[in-house]
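The values are calculated or read from the model by the stated rules, or taken from the named source; none is laboratory data. Note that this is a predicted model, so its numbers are computed, not measured. Ideal geometry is used to build each Cβ from the backbone, glycine not excepted, and the neighbour counts take in all protein chains shown.
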Amino acid sequence: MLKPLEDRVVLRVKVEEEKTVGGIVLASSAQEKPQTATVVAVGPGKTTPHGNLIAPALKVGDTVIFEKFSGTTVKVDGEDFLIIKASDLLAIVE
Amino acid sequence: MLKPLEDRVVLRVKVEEEKTVGGIVLASSAQEKPQTATVVAVGPGKTTPHGNLIAPALKVGDTVIFEKFSGTTVKVDGEDFLIIKASDLLAIVE
Amino acid sequence: MLKPLEDRVVLRVKVEEEKTVGGIVLASSAQEKPQTATVVAVGPGKTTPHGNLIAPALKVGDTVIFEKFSGTTVKVDGEDFLIIKASDLLAIVE
Amino acid sequence: MLKPLEDRVVLRVKVEEEKTVGGIVLASSAQEKPQTATVVAVGPGKTTPHGNLIAPALKVGDTVIFEKFSGTTVKVDGEDFLIIKASDLLAIVE
Amino acid sequence: MLKPLEDRVVLRVKVEEEKTVGGIVLASSAQEKPQTATVVAVGPGKTTPHGNLIAPALKVGDTVIFEKFSGTTVKVDGEDFLIIKASDLLAIVE
Amino acid sequence: MLKPLEDRVVLRVKVEEEKTVGGIVLASSAQEKPQTATVVAVGPGKTTPHGNLIAPALKVGDTVIFEKFSGTTVKVDGEDFLIIKASDLLAIVE
Amino acid sequence: MLKPLEDRVVLRVKVEEEKTVGGIVLASSAQEKPQTATVVAVGPGKTTPHGNLIAPALKVGDTVIFEKFSGTTVKVDGEDFLIIKASDLLAIVE
């Protein structure tokens, strides 16, 4: 199990559904677009120079939108996770 | 529905009206210019290192001017939205 | 009407008078020089991390000097305005 | 023995197990991926400008994930260690 | 009249005396060197994020040394002035 | 004698022992690696914007590890010393 | 006389003695090395955003080591001085 440090969160990235036309799988367009993911772990937050702990405004199970190319992909027990700073998440999808 | 995080806002971008001459649609000039958009969701604000939450001075329904090339476009239910930091908005149009 | 956000101001830029010689309009020199403009709207100021609102030391009607290439030009009802951060203004002309 | 300074930690890096196929050792893929390591020493933390000492939220024996290319490798008594800032660690593996 | 904003000052730059040899005016060497100028206006200072106004430690009439290539030259009533941040001045000449 | 300023320390760098094979001195590998040094003087620390003096957590005689290419080498009475910021030291060797 | 502003100091740079061999003056090596200088004037210090004045820990007459290529050389009454920020001085030589 991954316990993210500071203001990081661990995400399980949702595989983008490929569009299919007549059974042929079409790759996504080359233009990179943000992806959605599910939050599986939330770090305790970052302690500021003033000694305040600022916790991420997220909870396990939230569906979030993040920019591609942010964070670091790690493989745990054969599954890929993304460890990303909470400040690199854009929005919660409800 | 999108709930923007921190000091981000979600915008519905207004499509710029193309000028037409005798029925021929003319593309906008190559020179990029700011666009207007409608605010559809406002984040709670960003907590500063001193523990103050600074909320964006915006409300849902505001028409705002933003710089092109700022923010991230996301598609929700087939509609494009722009998620952008409140500090990248220039002015409210009244 | 434009209501600038944070520490931004809206300027109506004064067109530099072209020199004319014998009726021929001469373009300004290629060397860019600062311009003057009239303040038409002033933002409420920027809230610092400490929670202080620092208002721009400007008022509507002030004539100001600004650097070329600063700010963003927007067109409202056919007229060009410049939205610029107050900190990018150099001086008030009295 | 190494006593890391400020917010640095000393890691004993776990050698990635090479995959073997029929006895042939296969090198890891060229794509760099994060590694795990064991914490062997933790610095006292960094004193902020406000005079607060912020200690790393780690203890000796923790297994951590870090980005490759972070930190500095040092050799002590023939063994390699990695000295890295605590803020460059991504997560604790439990 | 120019009223500099924030921590800026307005300088009247002293023209460097060209050396002459036998009546021939020799241009200064190509190697740029700092120049002296007279302070003609001093801004009120900059308000810090903590709400403190820090006034420039200068007064009208001071002769100062500044680096070439700092500040912005403006022309008022046919005379050139330099608007420069007080922090870009090096020393007062007494 | 050198009295380092602010948060700097003066180091006497230990010459890396060259490996010899059959009397032939072999140069160290081209791959740069951190070095050890002895602390010979410690600065008083740096005063933060809040007026706190943060003293380096080092004492004369400590053996420290530092990154190559950090600091500035100075020659005093024919001997080389390294003046380096305390924050560029990685660990104390005990 | 030069009165340095903020946290700057004025230095009289000591000319490095050229080595001579049999009367032939040898230029210093191409490898730039720090130089020593004498402090001739010390600025009042810099006021931090918190309103604290932090004075340089130097006094007139100190011999200091500084990095080449720091500061600005100015000529006053035919003599060269170096105006440099106190934080760019490395150590006092005693």
Inset, instruction - Looking only at region B:34-67, count how many residues are of a type outside the set (Gly, Ala, Ser) and closer than 18 Å to C:Pro4 by Cα. - result: 17
Legend entry - Count of residues meeting criterion [in a strand (DSSP E or B) and either within 13 Å of chain A (Cβ to nearest Cβ) or within 30 Å of A:His50 (Cα to Cα) (or both)] in region B:37-94: 19
Legend entry - Test: F:Ile92 is within 13 Å of the chain's Cα centre (by Cα), within 17 Å of D:Pro4 (Cα to Cα), modelled with pLDDT of 95 or more and surrounded by 11 or more Cβ atoms within 10 Å (Cβ to Cβ): yes
Inset, instruction - For residues that are closer than 21 Å to C:Arg8 by Cβ and hydrophobic (A, V, I, L, M, F, W, C), scanning just region B:63-82, find the one that is surrounded by the fewest Cβ atoms within 10 Å (Cβ to Cβ). - result: B:Phe69
Inset, instruction - Can you run down the residue pairs with Cβ atoms below 9 Å, 6 or more apart or on separate chains, where the first is in region G:2-25 and loosely packed, with under 10 Cβ neighbours inside 10 Å and the partner is at pLDDT below 95 and in a strand (DSSP E or B)? - result: G:Thr20/G:Leu26; G:Val25/G:Lys19
Legend entry - Any pair with Cβ under 7 angstrom, 6 or more apart, that starts in region E:72-90 at a residue that is under 17 Å from C:Glu67 (Cα atoms) and ends at one that is of a type in the set (Gly, Ala, Ser) and at pLDDT 95 or above: E:Leu82/E:Ala37; E:Ile83/C:Ala91
Inset, instruction - Starting from residues that are modelled with pLDDT of 55 or more and more than 23 Å from E:Arg8 (Cβ to Cβ), keep the ones in region C:24-62 and report whichever is nearest to the chain's Cα centre (by Cα). - result: C:Thr47
Legend entry - Residues of region D:40-70 classified as in contact with a Lys or Arg (Cβ under 7 Å, 6 or more places away or on another chain) and among the hydrophobic types (A, V, I, L, M, F, W, C), total: 4
Inset, instruction - Tell me which residues, restricted to region B:47-94, are closer than 26 Å to A:Lys46 by Cα and touching a strand residue (DSSP E or B) at 6+ places or on another chain (Cβ under 7 Å). - result: B:Thr47, B:Thr48, B:Leu53, B:Ile54, B:Pro56, B:Gly71, B:Thr72, B:Ile83, B:Ile84, B:Lys85, B:Ala86, B:Asp88
